[in-house]
Amino acid sequence: MLEIKNLHAKVDGELVLKGVNLSVLAGEVHAIMGPNGSGKSTLSNVIAGKPEYEITDGEIVFDGKNINDLVPDERARMGIFLGFQYPVELPGVRFRQYLKTAIDSIRKYRNLSDMSPREFTDLYDKNLELLKMDKDLVKRSVNDGFSGGEKKRSEVLQMCMLQPKLAILDETDSGLDIDALHLVANAINSVSKSGTATVLVTHYKRILTYVKPQYVHILYNGQIVESGSEKLADDLEKKGYDAFVKKN
Amino acid sequence: MSSFVNWIEKCFPAGDVPGNLSGTLDNFSGEEWKNTNLSVLFETNFILPGANLKISKPVLYFDDFLNLVFVNGIYSESLSNTIVNKDVLIGGFSKNKDKDHRIASYLDQTDVTNDPFKELNNAINKDMAVISLSENQIIDKPIHIMFITTEFDQPVMTCPKILLKLEPGSSCTVVESYFGESQGKYLTNSSTTIEVNDSAKINYYRLLLQGADSFHLGTVDVDLKANASLESTFFSKGSKLSRTELNVLMNGSYSESSINGLYHTVDEQHIDNVINIDHLVPNTKSNLIYKGILEDNSRASYSGKIFVAQDAQKTYALQSDKNLILSDKARVNTKPILEIFADDVECFHGATAGAIAEDAIFYLMSRGIDKKSATEMLIEAFASETIDGINPDAIRQYLYSILLNSKFVLV
Amino acid sequence: MEEIVLSKDTSEEELSSQYKYGFVTEIDSDIVPKGLDEDVIRLISSKKEEPEFLLEWRLKAYRHWLSRKKEEPTWAKIEHEAIDFQDIYYYAAPSSSSSVDPNKTLDDVDPKILETFNKLGIPIEEQKKLSGVAVDAIFDSVSVATTYQKKLEDAGVIFCSLSEAAKKYPDLVKKYIGTVVPYSDNFYASLNSAVFSDGSFVYVPEGVRCPIELMTYFRINANETGQFERTLIIAERGAYVSYLEGCTAPIRQSNQLHAAVVELVAHDDAEIKYSTIQNWYPGDKDGRGGVYNFVTKRGKAAGKNSKISWTQVETGSSITWKYPSVILQGDNSVGEFYSVALVNNHQQADTGTKMIHLGKNTRSTIVAKGISAGHGNSTYRGLVQIMPGAKNATNFTQCDSLLIGNNCGAHTVPYIDVRNSSANMEHEASTSKVSDDQLFYCMQRGMSDEEAHYMIINGFCRSIFKELPFEFAMEAQQLLKVSLEGAVG
């Protein structure tokens, strides 16, 4: 599904990713952990194609295709979803219209006709229910005036609606209270079960007790310095990052 | 630059200069006229239009509104819904023919001015639009006053005058709109006076939708008494040169004004907004929020001044002017001024100018929406904050439709 | 030329506790007669033994000034009686230092002057001098001493009075003077160009980071005398300099005119940091006397990646009229303006900045804090202009005003002119009084009303003070406290 080879990337003239290798298959759950500044968000943004990030070496292959030079919307239509760490507020952009446009753009790419308003409403209601979100959200602007937790839940809601092939969730767990964390974890599990490859980028082990990863990677200074099973997260929590860095 | 006086003399044949215009001074040197280039206007000779009332139903006409239609400055009885009784006066009237005391007493207040264009308006205005509501009169239907200029061989000039007087406790919704059936040059020089007495409430919408070669100069003077309320939206689009001056006096305690503006310029257009809000007594509140979308070689200027007098304690005032610049040749001048002489106040202003935020575009693109659609979505969202505040559904939908029909030139 | 002795005038010496710099130094002065004509200009120039080109330039400026004498600026929100430009002394120098001798030593300086600077807290004698700061001390129209000359010479930095520079480095002066603020720029800049007395000259050569802070201390002493400071600072490619000016004047009943011009030029990768603590005599509590501070300050960020940063703390003067500006010409250049302007009693301040963006990716930041108390009026007036070629230029402006009492005024007049679509300009402003909640919070912790006000106002200004070199940040806080005396309660 996703194959990252020797990825080097720069932002603001500074080399942040220094040779990342990662392979994720459909239905798998990977967790990427690492201290602040290790390059976690950069990796997420580079995969989604944020314009300020420049790939200087290596490649990102998605669904068998090199996507290094693709614009962000094309990547999204191919099935890449990024749950943002800090979702922007879009005052005046209505949530419903926004989601419908996104869904129809992706459907068009897959040669499907626009989703009927009825079908959309059903899907929307179902997912709102899943995440226990307020129905009035439809009337509001995207992320505008949302609390930190609401923004994160809104990102997961969008993931459920867009049904991506690959979901990268950048610190989606931070800022959530325990009830919200349960809801979000359930939603991620259900999307994962349907075959979506999932990459959880996180600081904390907490979410991994609800969403079981098959693989855990430690990103440090722009490289993956250690990969292992779920147990690695436990070791990490006990020993701290230093233990893994020194080994290198 | 030729002067106002020279221009007037060119427009009116010798001996025909109306009123005392020949003596009017050129009073355009102040900051408030700094960004308005009148030379293009002064290069054109305008004549007064002859009677030409042959007009089909205006473009923007709603049967469930009370409509007042003025064609080339003349009131059209047949297209309008006149109401005259002891409590309510709604219609078009002539200061010479109609002797209703409500008109006469009102006119006295607007007679004296030192503004040349207001003088011109006083001198050649033909029929006035008048809405006068006695105490506690509430008009439920929106009242739509429209001014239409039809096709002429030569550039014509009309000077609409609008008088709105709300006695204590009364309320109404007024839409004042300007259209042209003509694609040629014409000048509309309007003057609106709004008096909102104690606890009265007005929703006032002013729509400038004139032709690409037209000129518009308009003044709106509002006087708010105790507990009075003004909810307002100013929409400007079209016109080669348009300038709207809005003066609001917060003259009574607990009065509130909420004023939104949206301007959209293309080609070589130039739109000016000059706004003065004077807080003169304690406990008043004003919100002033303008937005601009600029394309091509167009230019917009915003000059807003919040004045808080020494006695006007507990004033709350907010003003902001935000601009989206979609072309490297467009230019925006913005000047949000605070002039404050009372200490117990909360006053804020903000201004922005620039392109659409890159991170917002990226966010939408990361959801699969292409760049062009994402940009259009964000422009519409930008404008919608203003348009959403408009009360009559029909007007709100109409403004959306013309905005969506605009072809934004995207960089 | 006449020699006069300034007589002791005790009636003017009502030293208030608020302005501790208000004393007069009694010394003999060498004064050029009152009034202004071409002869006076020739006389000033000859006293300074200037090269011919400077005299010519002064005369051109004077003629220009005469031609636009009717255009004395009136747009600022300030009020004062018409200035009689013929009723001012344009040149006053302590007799002992009237000649510009490049070899003069501190022994040649009148001990009374040394004592004056000691009293002002700016000792210039070798053994007492401030550590880490080179000081150019300017007394009325002349520079009396510059400290740390040797250390600066070793680094290759030139720091001397402009008069001295005109003689020792005429080519440099000729190359740069008037290139940022032309003599025709505005009414007061023209007047300054004609009659400028003294000021500092700083030249930092390529790649040099000036090893110590540079400071000029301006002191107006003589009565009815205008001070026309002119300062020129040049930072060559990759150079860095931090410069600070301080100003005080005796208490006088009549108004004194200070019309300065400051020009900065930063070449590629160079940075100039310019800080001002302006504490000219503000006039008494009824608005009598005080300095008219009409100043043109402008920097040209000429080179790529260059940076010019203005920080000012304006507590003095009866009227302040100044707009330290940056022309962002080089690509990626940066301009900054950080300002605290405080008016009390009958002071008036109309101050702000201009940021003119010409180069690509240029960035400017404006943070202005105004505090109005007593019958004071404070106006922020600023221009942000982003020209069509300034692709991706950004500006952020924040102007906040605090009002203390109900007889003062606080005004904000920003002019914004944006001419390209890749620009990003953001302006925010607010005006309010000190919040009751904040006051209550502090008072609940035991502070008096006045202490609480001072604490909160100090916090309000913190983001500006932190831009000042450390010692001066402390001084600025003290100054704020003293200037606010009597404003609360």
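Observations, loosely collected:
- Scanning segment A:83-97 for residues that are at the interface with chain B (Cβ under 7 Å from one of its Cβ atoms) and within 27 Å of A:SER116 (Cβ to Cβ), we see that the one that is nearest to the chain's Cα centre (by Cα) is A:LEU90.
- Scanning segment B:312-329 for residues that are in contact with a strand residue (DSSP E or B) (Cβ under 9 Å, 6 or more places away or on another chain), touching a residue at least 40 places away in the same chain (Cβ under 8 Å) and facing another protein chain (nearest Cβ under 7 Å) gives B:LEU326, B:SER327.
- Of residues in segment C:453-489 being more than 24 Å from C:LYS20 (Cα to Cα) and among the small types (Gly, Ala, Ser), the one surrounded by the fewest Cβ atoms within 10 Å (Cβ to Cβ): C:GLY459
- Only residues that are more than 7 Å from chain A (Cβ to nearest Cβ) and either in a loop (DSSP other than H, G, I, E, B) or farther than 23 Å from C:LYS391 by Cα (or both) were counted in segment B:358-367, giving 1.
- Any hit, segment B:323-339, residues being buried (at least 20 other Cβ atoms within 10 Å of the Cβ), acidic (Asp, Glu) and over 28 Å from C:ALA393 (Cβ atoms): yes
- Scanning segment A:157-195 for residues that are at positive phi and touching a Gly at 6+ places or on another chain (Cβ under 7 Å) returns A:GLY175, A:GLY195.
- Any chance C:LEU232 is over 23 Å from C:PHE337 (Cβ atoms) and more than 11 Å from the chain's Cα centre (by Cα): no
- Matching residues, segment A:160-170, being touching a Ser or Thr at 6+ places or on another chain (Cβ under 8 Å) and either surrounded by 20 or more Cβ atoms within 10 Å (Cβ to Cβ) or not in a loop (DSSP other than H, G, I, E, B) (or both): A:CYS160, A:PRO164, A:LEU166, A:ALA167, A:ILE168, A:LEU169, A:ASP170
- Within segment B:259-278, the residues that satisfy the criterion of being on the phi < 0 side of the Ramachandran plot, of a type outside the set (A, V, I, L, M, F, W, C) and free of Cβ contacts under 8 Å to residues at least 60 places away in the same chain are B:TYR263, B:GLU268, B:GLN269, B:ASN273, B:ASN276, B:ASP278.
- Segment A:80-111: number of residues that are surrounded by fewer than 18 Cβ atoms within 10 Å (Cβ to Cβ), within 23 Å of A:LEU137 (Cα to Cα) and hydroxyl-bearing (Ser, Thr, Tyr): 1
- Any hit, segment B:307-322, residues being over 22 Å from B:THR36 (Cα atoms), hydroxyl-bearing (Ser, Thr, Tyr) and surrounded by fewer than 21 Cβ atoms within 10 Å (Cβ to Cβ): yes
- Elements of the type strands (runs of 3 or more DSSP E) sitting completely within segment C:109-201 and holding at least 2 residues that are within 20 Å of the chain's Cα centre (by Cα) and of a type in the set (Val, Ile, Thr): these cover C:133-139, C:142-146.
- Comparison of C:GLU49, C:GLU56 shows that the only residue that is exposed (fewer than 15 other Cβ atoms within 10 Å of the Cβ), in a loop (DSSP other than H, G, I, E, B) and not aromatic (Phe, Trp, Tyr) is C:GLU49.
- Matching entry among A:VAL29, A:VAL46, A:VAL61 (being more than 14 Å from every other protein chain (Cβ to nearest Cβ), among the β-branched types (Val, Ile, Thr) and under 15 Å from the mean Cα position of the chain (by Cα)): A:VAL29
- None of C:ALA368, C:ALA429, C:ALA452, C:ALA423 is among the small types (Gly, Ala, Ser) and over 26 Å from B:GLY292 (Cβ atoms) except C:ALA452.
- Residues that are within 7 Å of another protein chain (Cβ to nearest Cβ) and touching a Phe, Trp or Tyr at 6+ places or on another chain (Cβ under 7 Å), drawn from segment A:64-82: A:PRO72, A:ARG77
- Residue among A:ASP144, A:ASP173 that alone is in contact (Cβ under 8 Å) with a residue 40 or more places away in the chain and either within 13 Å of chain B (Cβ to nearest Cβ) or outside any helix (DSSP H, G or I) (or both): A:ASP144
- Of all residues in segment B:377-391, those satisfying the criterion of being more than 10 Å from chain A (Cβ to nearest Cβ) and surrounded by fewer than 20 Cβ atoms within 10 Å (Cβ to Cβ) are B:GLY389, B:ASN391.
- Considering segment B:289-321, and only residues there that are in a strand (DSSP E or B) and either touching a Gly at 6+ places or on another chain (Cβ under 6 Å) or among the charged types (D, E, K, R) (or both), the residue that is nearest to B:GLU380 (Cα to Cα) turns out to be B:LYS291.
- Qualifying strands (runs of 3 or more DSSP E) (wholly inside segment A:1-79; at least 1 residues being surrounded by fewer than 21 Cβ atoms within 10 Å (Cβ to Cβ) and without any contact (Cβ under 8 Å) to a residue 60 or more places away in the chain): A:2-11, A:14-24, A:53-62
- All positions within segment B:152-205 that are within 30 Å of B:LEU41 (Cα to Cα) and outside any strand (DSSP E or B): B:PHE152, B:ASP153, B:GLN154, B:PRO155, B:CYS159, B:PRO160, B:GLU181, B:SER182, B:GLN183, B:GLY184, B:LYS185
- Qualifying positions in segment B:198-210 - surrounded by fewer than 23 Cβ atoms within 10 Å (Cβ to Cβ), over 13 Å from B:SER232 (Cβ atoms) and touching a residue at least 60 places away in the same chain (Cβ under 8 Å): B:LEU209
- One residue stands out among those in segment C:286-310 that are in a loop (DSSP other than H, G, I, E, B) and touching a strand residue (DSSP E or B) at 6+ places or on another chain (Cβ under 7 Å): the one that is surrounded by the fewest Cβ atoms within 10 Å (Cβ to Cβ), which is C:GLY289.
- Criterion (modelled with pLDDT of 95 or more and more than 24 Å from B:VAL59 (Cα to Cα)) met by exactly one of B:ILE138, B:ILE145, B:ILE131: B:ILE138
The values are calculated or read from the model by the stated rules, or taken from the named source; none is laboratory data. Worth saying up front: this structure is predicted, and the values here are computed from it rather than measured. Neighbour counts run over all protein chains shown; Cβ positions are idealised from the backbone, glycine included.
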